[in-house]
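The values are calculated or read from the model by the stated rules, or taken from the named source; none is laboratory data. Bear in mind that the values here come from a model prediction, so they are computed numbers and not experimental data. Cβ sites come from the backbone with ideal geometry, for glycine too, and all protein chains shown count toward neighbours. Areas reflect the complete protein model, heavy atoms only, side chains present, ligands, DNA and RNA absent. Shrake-Rupley method; radii C 1.70, N 1.55, O 1.52, S 1.80 Å.
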Amino acid sequence: MFGAAPLLSAAPAQAVDQGPASVADLAEGLLDAVVNISTTQNVGDDAVKGPQLRAPEGSPFQDFFDEFFKDRGGSNGGGNRRVSSLGSGFVIDPEGIVVTNNHVIEGADEIEVIFTDGSKLKAEVLGVDPKTDLAVLKVNPVKQLTAVAFGDSNTMRIGDWVMAIGNPFGLGGTVTLGIISARGRDINSGPYDNFIQTDAAINRGNSGGPLFNMYGQVIGINTAIISPSGGSIGIGFAVPAELAANVIGQLREFGETRRGWLGVRIQPVTDEIAESLGMDRAKGALVAGIIRGGPVDDGSILAGDVIIRFDGRDVEAMRDLPRVVAESPVGKAVDVVVIRKGEQMDVKVTLGRLEDSEQQASADDPAAGDTGDAPDAAAPVTALGMTLSELTDEARAEFGIAEDVEGVVISEVDAGSAADDKKITAGDVIVEVAQEAVMSPADVIERIEALKADGRRNALVMISNKSGELRFITLRMD
């Protein structure tokens with residue numbers, strides 16, 4: 001009785017754009033610069049199927065990181081197998097320079113770069129940096145390649161649109177769109193974590209691919225995801241261009257990184273430490289020790305200093321300092337602002353090279369501070385839930401305390417005391433109280449009483465373990 005409804009309705013006389021603006025033109029101009037990275041590796045029969053990306057031990061995301069690739073290999077007999085995996089990368093120089101993640105090519109015997117037209121080129125590794133998970137490759141093209149440039153990731157804001165292009169699950173060039181969800185993410189994957197978080201779909205195989213702004217500039221390198229299943233749930237992480245560009249430049253020029261080195265051991269400034277130092281709020285990085293023979297072993301920076309500004313850049317949290325130091329040129333003289341015994345001071349230091357220092361730092365005795373002859377033994381005293389004794393030869397032998405450690409030995413800790421709550425144990429040594437060296441139990445008592453007289457509620461105490469490794473803790477004096 002009634003006519004069938006039309007399956008298609010006519011377009012309105014005057015079409016009106018619906019939805020957000022298309023990014024098709026932008027994607028079309030970028031796709032040719034994004035490549036697939038194919039690696040092949042010979043492994044023993046007892047090896048795990050394919051290389052596996054693991055989050056560092058203790059990472060809060062260790063159970064979720066599954067950000068690598070499907071095994072595509074098979075047995076080749078003779079007790080070995082050839083396994084292949086796929087990742088992403090992008091061209092930054094028309095002459096054949098390609099950037100990807102280190103974990104994409106780590107351990108590979110052969111690396112092949114696959115372009116959008118299906119052509120393939122063998123690649124050699126110019127340099128890798130495991131600390132930031134970056135790698136630079138070189139191919140020899142017969143003609144100039146389509147390349148992309150880095151943008152300024154510092155100008156990107158939470159909520160800005162971004163585009164990811166890569167090789168998810170080996171499917172080839174795939175475009176996804178999203179926003180910047182957060183900045184400055186620390187996922188405990190390395191010492192310089194400062195990731196951009198995005199909800200642009202990033203999956204297995206996207207590792208090493210670019211994250212673009214809406215001007216077609218690379219503002220990040222897609223590196224990791226959080227996902228129970230291995231698929232995108234809208235939480236992906238990219239190394240920001242501000243960090244990557246400097247590392248990539250060094251890898252291209254030198255084949256290795258050349259990072260600045262300050263030569264200090266640091267720890268966070270807690271609210272209690274800030275109060276004990278007379279600071280208005282917790283900020284900066286607390287220097288817990290000085291590397292012997294390092295750039296600041298000349299007394300320019302001391303254990304107990306709080307570094308709040310480095311080379312014109314504010315240090316709001318402890319994790320900011322290693323990154324800004326590493327980004328500074330080796331040999332550069334920089335201005336450092338510290339808080340020392342409640343007073344703000346300006347010091348100038350000349351940076352060493354981190355890579356040259358690593359062997360020295362590992363062999364260095366971590367004990368810092370002045371040493372001297374031990375005074376005559378005195379009777380133990382109790383304070384703040386601890387029994388304190390002279391650090392005699394007998395005490396060194398009993399607790400196995402290193403010869404270079406000086407101070408007042410803690411022979412007992414009361415269960416449930418403030419010291420017990422701070423994980424202080426028998427055999428630890430008090431080196432300083434309120435940034436003043438102590439050599440006897442009486443010195444400790446004197447410093448505590450002086451702090452109480454000044455109305456202080458917390459005592460900042462430098463503690464050394466048996467081997468000489470230092471840390472600062474605060475103890476309530478109520």
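If I compute solvent accessible area with a 1.4 Å probe over the protein chains, what percent of it on the stretch 290-340 is carbon and sulfur?
Numbers: 970 of 1940 Å².
Its accessible area is 50 percent carbon and sulfur atoms.
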Query raised in the report: Exactly which trypsin sites (Lys or Arg not before Pro) in the stretch 133-187 are in a DSSP loop and have at most 11 other Cβ atoms within 10 Å?
Result: 143, 157
Report task. Largest first and to the nearest Å, give the Cα extent of the stretch 75-196 along each principal axis. Result -> 52, 36, 27
Requested in this report: Sort 212, 115 by accessible area with a 1.4 Å probe, largest first.
Outcome: 115, 212
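As a test of the definition: which semi-axes, in Å, follow for the stretch 166-319 when you take the square root of five times each eigenvalue of its alpha carbon gyration tensor? Largest first, please.
After diagonalising the Cα gyration tensor, the semi-axes are 37, 19, 13 Å.
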Query raised in the report: So which trypsin sites (Lys or Arg not before Pro) in the stretch 318-356 pass both tests, a DSSP loop state and at most 13 other Cβ atoms within 10 Å of the Cβ?
Result: 332, 341
Query raised in the report: Of all the Cα-Cα pairs you can form in the stretch 390-467, what percent are over 18 Å apart?
Result: 41 percent
Query raised in the report: Where Lys and Arg each count +1 and Asp and Glu each count -1, what net charge lies around residue 464 among other residues with Cβ under 10 Å from its Cβ?
Result: -3
**Report entry** Partner lysines for residue 283 [C-alpha distance under 19 Å; skip if fewer than 8 residues away on the same chain]
**Finding:** 341
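Working out 0.36 nm times the residue gap between residue 343 and residue 423, then minus their Cα-Cα distance, what length gain in nm do you get to one decimal?
Computed gain between residue 343 and residue 423 is 25.8 nm.
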Query raised in the report: In the stretch 424-478, if every C-alpha pair distance is counted and binned at 10 Å from zero, what percent goes to each bin?
Result: 25, 57, 17, 1
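Counting only Cα atoms, I'd like the Rg/Rh figure for the stretch 150-192, Kirkwood definition for Rh.
Ratio value, two decimals: 1.04.
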Query raised in the report: Along the Cα-to-Cβ line of residue 258, 7 Å from the Cα, sits a label point; which residues in the stretch 83-99 have backbone N less than 18 Å from it?
Result: none
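What do you get for GluC sites (Glu not before Pro) in the stretch 222-309 restricted to DSSP loop and a cutoff of at most 16 other Cβ within 10 Å of the site's Cβ? Write down the numbers at each step before the final one.
On the way: sites: 242, 253, 256, 272, 275; in loops: 256.
Those that pass, being in a loop and sparsely packed, are 256.
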Report task. Specify the inter-centroid distance of the stretch 204-225 and the stretch 275-353, based on alpha-carbon positions, in whole Å. Result -> 33 Å
